[in-house]
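First comes the structure, then the notes that go with it.
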Amino acid sequence: MATLARLHDASSRGLFVMAGLALCLACGLYLYEVGARYFFNAPTTWTNEAVQYCLALLIFLALPDVSRRLAHIAIDVIPDSLPPRLAAPLGRFNTLLACAACALTAWIVAMEAAKQFERGVLTNAAHPIPRWTITAVLALGLGSAALHFLRHGCRRS
């Protein structure tokens, strides 16, 4: 089990690196568009679409590692005001609730990606791409985050 956990952690770190690359690509494409548009009077028709895809990907590629490190935004006014014997079970409940929410959402998104693949659905864009390619990454990120939340929720304190 420890080997699977290490592999899951390593894959999450790898996805985080890919998210960073997607961010760099989005920034580079914006710079390219500004240069093409304002310096060469030759705006592109594809950079805005590519940046939108990069932004969607970077969020869901970063999600598993953020969940692994418990670096997500947490409003912990109530747990901080409780004694430790009550705060710990509430924290575990919240973590498992986050797991269930991510897992259910991952399942729904994965089923939608399968339908999109089956039907050959393309994005609504000037330069369409298969929509399932983006949707599948969303499902991957949500599913991996659910697994991290499950691991945190089942960890002995």
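The values are calculated or read from the model by the stated rules, or taken from the named source; none is laboratory data. Since this is a predicted model, take the numbers as computed values, not measurements. Note that each Cβ is placed from the backbone with ideal geometry, even for glycine, and that neighbours are counted across all protein chains shown.
One table, with the values for the structure above:
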item	result
Residues that are under 20 Å from the mean Cα position of the chain (by Cα) and more than 17 Å from Y53 (Cβ to Cβ), drawn from segment 108-132	I108, A110, M111, A114
Filtered residues of segment 15-47 (kept if among the aliphatic types (A, V, I, L, M), in contact (Cβ under 8 Å) with a residue 60 or more places away in the chain and farther than 18 Å from V66 by Cβ)	none
A74 being within 19 Å of the chain's Cα centre (by Cα), farther than 26 Å from L25 by Cα and of a type in the set (G, A, S)	yes
Some residue of segment 148-156 being aliphatic (A, V, I, L, M) and under 18 Å from L58 (Cα atoms)	no
Residue match in segment 113-135 (condition: free of Cβ contacts under 8 Å to residues at least 12 places away in the same chain and crowded, with 16+ Cβ neighbours inside 10 Å)	yes
Residue satisfying all of: in segment 9-42; of a type in the set (G, A, S) and touching a helix residue (DSSP H, G or I) at 6+ places or on another chain (Cβ under 6 Å); nearest to A145 (Cα to Cα) among these	S12
Yes/no for G141 being touching a Lys or Arg at 6+ places or on another chain (Cβ under 8 Å) and closer than 27 Å to M1 by Cβ	no
Count of residues meeting criterion [of a type in the set (G, A, S) and touching a strand residue (DSSP E or B) at 6+ places or on another chain (Cβ under 9 Å)] in segment 99-150	1
Qualifying position, being loosely packed, with under 14 Cβ neighbours inside 10 Å, within 22 Å of L140 (Cα to Cα) and in contact (Cβ under 8 Å) with a residue 60 or more places away in the chain, among A71, A5	A5
Any helices (runs of 4 or more DSSP H) falling wholly within segment 38-157 and containing at least 2 residues that are among the aliphatic types (A, V, I, L, M) and at pLDDT 95 or above	47-68, 84-119, 132-154
Segment 136-157, subset surrounded by fewer than 20 Cβ atoms within 10 Å (Cβ to Cβ) and out of contact with any helix residue (DSSP H, G or I) (no Cβ under 6 Å at 6 or more places or on another chain), residue farthest from H8 (Cα to Cα)	R156
Verdict on L55 being more than 30 Å from L25 (Cα to Cα) and touching a residue at least 12 places away in the same chain (Cβ under 8 Å)	no
